[in-house]
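The values are calculated or read from the model by the stated rules, or taken from the named source; none is laboratory data. The structure presented is a predicted model; accordingly, all values stated were derived computationally and were not measured. Backbone-built Cβ (ideal geometry, glycine too); neighbour counts: all protein chains shown. These area figures cover heavy atoms from the full protein model, side chains too; ligands, DNA and RNA do not enter into them. Shrake-Rupley method; radii C 1.70, N 1.55, O 1.52, S 1.80 Å.
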Amino acid sequence: MSPRLVPAGSDPVRRTERPVAVTVDGEAVTGIAGQTIAGLLLASGRRAWRTGPSGARRGVFCGIGVCFDCLVSVNGEQDVRACRRRAADGDAVSTQNRRPPEADGIRQGPEEAS
Amino acid sequence: MSRRHVVVVGAGPAGLAAADAALAAGARVTLVDSAERPGGQYHRMLPDAYEAANPEVLHHGWAAFDRRVRRVLAHDRCTWLAGTSVWALEREDPARAPLVHVLGEGSPGRRGVLTPDALVLAPGAHDRVLPFPGWELPGVFTAGAAQALAKGERVAVGERVAVAGTGPFLLPVAVSLLEAGSQVAEVLEAAGGARVTRGWLRRPWELAAQAGKTGELVSYTAALARARVPYLLGRAVVEARGDGRVEEIVSARVRADWSVVPGSERVTAVDAVCVGHGFTPRLELLVAAGCAVRGGTPDAVFVQVDDDQLTSSPGVYAAGEVTGIAGAPASRAEGAVAGWHAAGGAPSARPLTALRRGRDQGRAFAGRLAAAHPIGREWPGWLRDDTVVCRCEESDYASVRAAAGDPATTEARVAKLGTRAGLGPCQGRMCAVTVAELRARLGAPDADAAAPHRRPLAEPVRLGELAAPAREYDG
């Protein structure tokens, strides 16, 4: 059970689908042209891709650029709101972690490792 | 002769109407919106790349909207700045409209400055969501997020979804989910049946004046009935639970004041829950422009406008949800009045009378809906000590309560630094109104009603973007 894209064949808006390929933490993920990175990640079955300060998992909350819960890094640019950025072919998306660097016991995310 | 330059911020129903009216009055218009396509959250548009042949199936009033979009964007006096955010307003001359600092999408974003003769601010609103244990779990969405993803991207947020909170907006959200193929397990409206019935059925002539809106609501109710979706009144989601994502919700019967009826708790298995407790107007630009606000409690602050939609700030007009949550028809009427006056249109123009009447009827309708769906006073009863209040910083209820009761942190700014609530990436957009309300209830003296909306930088801007020279859009 997960979020998913309405299948184009049965979609009453009658839309066209062209594939878009991105990587997420190095893993190849395919979506369709026009999707936001958040839409693409959700439609690929991902529900969470960021952690809060405690390390708790976070995903999309507001979907319109207000809550900043869906932040990712795109092609090395940090703190991009995934719900506001359209996915472009070849985008390298990496997930972010808000845990402070001095925290012990949890693997550091790219934010701190860089 | 030099034409007046009107900058309109926001291309939802209010902003589009403002641009249309300002063009009709002869002004040069720059329409700015952070989205790629106009329509705002109400007419949330599919991406161009989808090449949708039948986008209208997802929208009410598509034909009129489509005509207006074409008329405005094709107009030779209109500049359409898509994918562009306003990150600051700066007043150089106290008697004139402020400079508008914009940032185009992209990496790096392109910075620019607009110098309007008059400004129409129509930034809209976003969902208000009251905190409850587990609301930070992945799979908890705002009602607006579910709607935006279904209408704007064709993504269904879950297979089996609950919709909960208060207000008529829950209905179109549930219908959007059904239309996108989700199973809607239940719609939970916290307001009680007696209050909703009383609110909706008194003064029926107001309903008649809002036939479009009423018809829309009736069609949603019918769609839910056809799909046999339970619509339960007087019941609220009080907890979301799951291991790393939502797996179930706990709902409970609530009294008129939203206190939980003991023993009424019930568990429902879902993979997503969409929650909305009304809307928060996006006031940061209005507060930054120095516009006076009205409203006594932190959760009901709106910008003050006169009969022409002029704010207390010279050259700054406001329209739409920032003046009061009243829906699309009122927003369109307010936008038209604002745009016409901002452009210097004749105050005696005949259509103004009808527009003002439409606006006032829309506001009256909104007033009755608000009366039917107030936030109950006892909602903090859902909170536990460790319930996250500020999502960004994970500040919990215990720390907010402790700060409100501590003489050393009675001042809101000090409490903010102590609890970190509101200091994270969203800068209090999700929690500031809630924290202000909790603090007021706990007896902390927070005098400034606009404080939760004070964000001089309305959008994040990178240092590299600031350092790059700004482009003069209108020299």
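Does residue B:53 count as in a loop (DSSP other than H, G, I, E, B) and away from every other protein chain (no Cβ under 14 Å)? Taking the combined requirement at face value, the residue does not satisfy it.
Tell me whether region B:132-154 contains one or more residues that are away from chain A (no Cβ under 11 Å) and more than 30 Å from residue B:309 (Cα to Cα). Taking every residue of region B:132-154 in turn, at least one turns out to be away from chain A (no Cβ under 11 Å) and more than 30 Å from residue B:309 (Cα to Cα). Summed over region B:304-316, residues that are open to solvent by 30 Å² or more (accessible area, probe 1.4 Å) and farther than 11 Å from residue B:293 by Cβ total 5. Within region B:265-303, the set of residues being open to solvent by less than 40 Å² (accessible area, probe 1.4 Å) and of a type in the set (Ser, Thr, Tyr) comprises B:268, B:280.
Does region B:114-128 contain any residue that is open to solvent by less than 10 Å² (accessible area, probe 1.4 Å), aliphatic (A, V, I, L, M) and within 11 Å of chain A (Cβ to nearest Cβ)? Scanning region B:114-128 turns up no residue that is open to solvent by less than 10 Å² (accessible area, probe 1.4 Å), aliphatic (A, V, I, L, M) and within 11 Å of chain A (Cβ to nearest Cβ).
The criterion of being of a type in the set (Asp, Glu) and open to solvent by 20 Å² or more (accessible area, probe 1.4 Å) does not hold for residue B:153. Could you check, for region B:171-193, whether at least one of its residues is β-branched (Val, Ile, Thr) and open to solvent by 60 Å² or more (accessible area, probe 1.4 Å)? No, that holds for no residue. Is it the case that region B:337-345 has a residue that's more than 22 Å from residue B:214 (Cα to Cα), surrounded by fewer than 24 Cβ atoms within 10 Å (Cβ to Cβ) and out of contact with any strand residue (DSSP E or B) (no Cβ under 6 Å at 6 or more places or on another chain)? Yes; the residues of region B:337-345 include at least one that is more than 22 Å from residue B:214 (Cα to Cα), surrounded by fewer than 24 Cβ atoms within 10 Å (Cβ to Cβ) and out of contact with any strand residue (DSSP E or B) (no Cβ under 6 Å at 6 or more places or on another chain). In the set (1) of a type in the set (D, E, K, R); (2) more than 30 Å from residue B:435 (Cα to Cα); (3) open to solvent by less than 60 Å² (accessible area, probe 1.4 Å), the condition left unmet by residue B:360 is number (3). Among the candidates B:398, B:436, the residue that is assigned to a helix (DSSP H, G or I) and surrounded by fewer than 16 Cβ atoms within 10 Å (Cβ to Cβ) is uniquely B:398.
Taking the criterion of being of a type outside the set (A, V, I, L, M, F, W, C), more than 18 Å from the chain's Cα centre (by Cα) and either part of a helix (DSSP H, G or I) or surrounded by 21 or more Cβ atoms within 10 Å (Cβ to Cβ) (or both), the residues of region B:20-46 that qualify are B:20, B:28, B:30. Criterion applied to B:459, B:437 was being among the acidic types (Asp, Glu) and either farther than 30 Å from residue B:114 by Cα or at pLDDT 95 or above (or both), and the one residue passing it is B:437. Considering region B:230-264, and only residues there that are of a type outside the set (Phe, Trp, Tyr) and in contact with a helix residue (DSSP H, G or I) (Cβ under 7 Å, 6 or more places away or on another chain), the residue that is surrounded by the most Cβ atoms within 10 Å (Cβ to Cβ) turns out to be B:238.
Screening residue A:72 on (1) facing another protein chain (nearest Cβ under 7 Å); (2) closer than 20 Å to residue A:23 by Cα; (3) among the aliphatic types (A, V, I, L, M) shows it passes everything except condition (1).
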